[in-house]
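The values are calculated or read from the model by the stated rules, or taken from the named source; none is laboratory data. Quantities reported herein were computed from a predicted structural model and do not represent experimental measurements. Counting neighbours? That spans all protein chains shown, and the Cβs are built from the backbone with ideal geometry, glycine included. The protein model used for the area step is the full one, side chains on, heavy atoms only, and it has no ligands, DNA or RNA in it. Shrake-Rupley method; radii C 1.70, N 1.55, O 1.52, S 1.80 Å.
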Amino acid sequence: MSKKTVLITGASSGMGYASTVLFAKQGWEVYAGARRIEKIPSGTGIHPFKLDVTDAESRRAFVQAAQTEPTLDVLINNAGYGEYGPLEEVSLDKVHKQVETNLFGAAELTKLVLPTMRAQRFGRIVNISSIGGDMYSALGGWYHVTKHALNVWSDVLDTEIQQFGLRSVIVEPGGTQSSWGDIAMGSIKKNASANTPYQALIDGTLAMVTRVGSHSSATSEDLAKVFYRAANEDKPKLRYYFSFSDRMMAHFARVHPTLFHKTVMRMSARATR
Ligand SMILES: NC(=O)c1ccc[n+]([C@@H]2O[C@H](COP(=O)([O-])OP(=O)(O)OC[C@H]3O[C@@H](n4cnc5c(N)ncnc54)[C@H](OP(=O)(O)O)[C@@H]3O)[C@@H](O)[C@H]2O)c1
């Protein structure tokens, strides 16, 4: 039997890097894409590819390269980042870029692999969202919008493609050790205006994140194992989580929106004290 093939975006760091290593170790052909090709791991079965998910030509070339394999089994839409800051102050140009990366990039890549998967009558799209696709917090507004949207997009896609033997599923990581936190938290100050009225909220939030962040237990390797399950289970679930507490937090926000909102309000109030 020929080897299975997976396409992974955002393979130069964090969970995408760790998944590239894991899938290759398990004998898959891994088409691993990121803008910093030099940071993508190398090894047997790994095909590093310079990919910008916001660029149509780059996306096409990435999928074409993988189409040289006998089958396209799994696409993992993992590339993403958080553009944080007060909603009043984050520039919409930056928001557009984030939506292009976290949502439209995933959607366009999926459109490129679906015809092959449909012809095979098997294949799976694994979308890396976040518990922040169900929850939210102050200063993360547009990031949460991209992940909420990714969840709905993936669920609707799943209702349309199951008839062809294909599935679209979501992984919702919670806080995980990677470059993500530094990038997201670093963007808050860059996006705030010089005399921002949100200074107290920003300072308090950053202090809180520093405290909680240092306790973030999950590693990117832990999440790579979750990606692997989402890609391989015979009867895939709609949602995958690393921990019970991640699952419960997402559930709480979904099922008790008013209570959840009050909890976030309390955190914001504490941050501004
Ligand atoms: N870490 C967390 O706490 C956490 C929690 C929930 C969800 N997530 C989500 O999990 C996913 C992986 O994040 P991570 O934690 O592994 O973060 P990370 O270490 O910062 O890795 C992000 C990856 O995305 C890639 N990327 C960004 N923009 C891209 C673009 N335009 N084209 C191609 N690749 C691009 C980066 O590669 P280049 O810069 O080289 O292109 C990098 O490889 C993201 O979708 C993130 O939102 C993270």
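What the table shows:
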item	result
Accessible solvent surface per residue of the range 92-204, calculated while the other protein chains remain in place, 1.4 angstrom probe, Å²	44 Å²
Å² per residue, accessible surface of the range 207-273 at 1.4 Å	66 Å²
Cα gyration tensor shape for the range 67-146, rounded if a/c is under 1.5, else prolate or oblate	prolate
Expected 222 nm ellipticity per residue - DSSP helices of 4 or more, -39500 (n - 2.57), all of the chain, to 500	-16000 deg cm²/dmol
Kirkwood-type radius of the chain, with distances r between different C-alpha atoms, in Å	19.1 Å
Estimated FRET transfer efficiency when R0 is 25 angstrom, pair M248-A107 (beta carbons, to 0.05)	0.30
Radius of gyration and maximum dimension Dmax of the range 1-133, Cα, Å	15.0, 55
Student exercise, the chain dipole from Lys, Arg, Asp, Glu Cβ charges, in Debye to nearest 20	440 debye
Whole-percent carbon and sulfur share, accessible surface of the range 137-210, 1.4 Å	60 percent
Under 23 Å from the Cα of K94 - lysines, other chains or at least 8 residues apart	K50, K147, K189, K190
Loop-resident sites, the range 96-173, for trypsin sites (Lys or Arg not before Pro), counting at most 12 other Cβ within 10 Å (DSSP)	R121
Of all accessible heavy-atom area on the range 1-113, the percent that carbon and sulfur account for (1.4 Å)	52 percent
Fraction of the pair-distance distribution of the range 130-273 above 24 Å, Cα-Cα pairs, percent	38 percent
Loop-located trypsin sites (Lys or Arg not before Pro) in the range 1-40 whose Cβ has at most 12 other Cβ within 10 Å (DSSP)	R36
